[in-house]
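A short reminder: the numbers here are calculations on the coordinates, not readings from a lab. Treat the numbers as computed from the prediction; the structure is a model and nothing was measured. A quick note on method: Cβ atoms are made from the backbone with ideal geometry, for glycine too, and the neighbour counts reach across all protein chains shown.
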Ligand SMILES: Nc1ncnc2c1ncn2[C@@H]1O[C@H](COP(=O)(O)OP(=O)(O)OP(=O)(O)O)[C@@H](O)[C@H]1O
Ligand SMILES: [Mg+2]
């Protein structure tokens, strides 16, 4: 769980960062526009999954600045019993400054996220399906092992955490996981770090899913590659969290035993709905709306 603070510098960084002065870089940007979003993979995925009437249980860590996020979870009716507050830390947070050329300077503070290993999968009862999404390194390793030991199938979603792991670590995750999901770039990195093609990696799991932004996604399963089209969004406002929105659809489809074509299309639709809103969890939908939009895009109902 994380906060994202987004600030807009109404000028261009290149007018202020002078290459010949870079050895004494000391710049301050005046940023009159600022907004704060609730984010982090766990919060984002749970938010979309709840709107699908799924049954998400967030397991994450949060810091001394937890109150606004905890109030929000309560308001959304999301179970926070496995959201652990870690004293003397701040919640993970990104400070993103954007300029008029859409360049970004980001600082990311992991904070409480680095204590995620304090949580254990066995703390929660009646779990049918899990996801290990980007988190503290030790927590990701521990939770994957705990899911495997408990016989609970899980999705390995390395995301921005991928660079923390070498090829052997990644193969260790994949061999414990039932499913793997990455975006295009992460898929390439996964291939080069492990020294295996995505097709070869896909044979080690039930399915390996690669998302490709506006180009849709590919589901490698049972020796086949299913091409899942993207859905035309009402507007392209902010791609932040599209990956997490897609994962909500994926988890829902897997948990309900839906076939891969439908699961992929549902996930794709949630990604397209998300992109029309700013932030990772400000989009709103319900099952009736999903059903109607799915029918409109694909000509049949998803359920
Ligand atoms: N411009 C778009 N138009 C339609 N659908 C989109 C668009 N961008 C993303 N999506 C949907 O969302 C899915 C996930 O997006 P993407 O591949 O960009 O994930 P990501 O790079 O992990 O994103 P992030 O980590 O920023 O949340 C895509 O497979 C697609 O279905
Ligand atoms: Mg992503």
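Before moving on, here are some points about what is shown:
- Counting only the Cα atoms, the stretch 60-131 fills a convex hull of 138 Å³ per residue.
- Model label points for residue 22 and residue 300, set 7 angstrom from Cα along the Cα-to-Cβ axis, are 5.5 nm apart.
- Using the Cβ-Cβ distance between residue 14 and residue 149 with R0 = 45 Å, the FRET efficiency computed as 1/(1 + (r/R0)^6) comes to roughly 0.30.
- Between the Cα long axis of helix 242-255 and the first principal axis of the chain there is an angle of about 20°, rounded to the nearest 10.
- Computed P(r) (all Cα pairs; the stretch 10-56; 5 Å bins; percent): 5, 15, 14, 11, 8, 9, 11, 10, 8, 6, 3, 0
- Bins of 10 Å, starting at 0 and running to the largest distance - Cα pair percent for the stretch 165-262: 14, 48, 31, 7, 0
- Length gained when the stretch residue 276-residue 185 is fully extended (0.36 nm per residue, less Cα-Cα span): 30.5 nm
- Over the stretch 106-165, volume per residue of the alpha carbon convex hull, in Å³: 83
- Our note on the geometry: Cα centres of the stretch 246-281 and the stretch 102-160, 20 Å apart.
- Short-range pairs are left out: with C-alpha atoms under 8 Å and at least six residues apart, the relative contact order of the chain is 14 percent.
- Applying the Kirkwood pairwise sum to the alpha-carbon positions of the stretch 99-245 produces a hydrodynamic radius of 16.6 angstrom.
- Our note on the geometry: Cα centres of the stretch 173-227 and the stretch 21-65, 26 Å apart.
- Note on the chain: antiparallel DSSP beta bridges, both residues inside, total approximately 50 percent of the bridges counted.
- Crossing angle, helix 67-76 versus the chain [Cα axis fit, 0-90 degrees, rounded to tens]: 40
- By DSSP, the beta bridges lying fully in the stretch 20-127 are antiparallel in about 65 percent of cases.
- Normalised convex hull volume, the stretch 140-185, alpha-carbon set, Å³ per residue: 67
- Per-selection Kirkwood Rh - the stretch 43-180 (Cα, Å, 1 d.p.): 16.1
- Whole-Å semi-axes of the ellipsoid equivalent to the stretch 1-113 (Cα gyration tensor, √5λ, descending): 34, 16, 11
- For the chain, taking the reciprocal of the average inverse distance between every pair of different Cα atoms yields a Kirkwood hydrodynamic radius of 20.2 Å.
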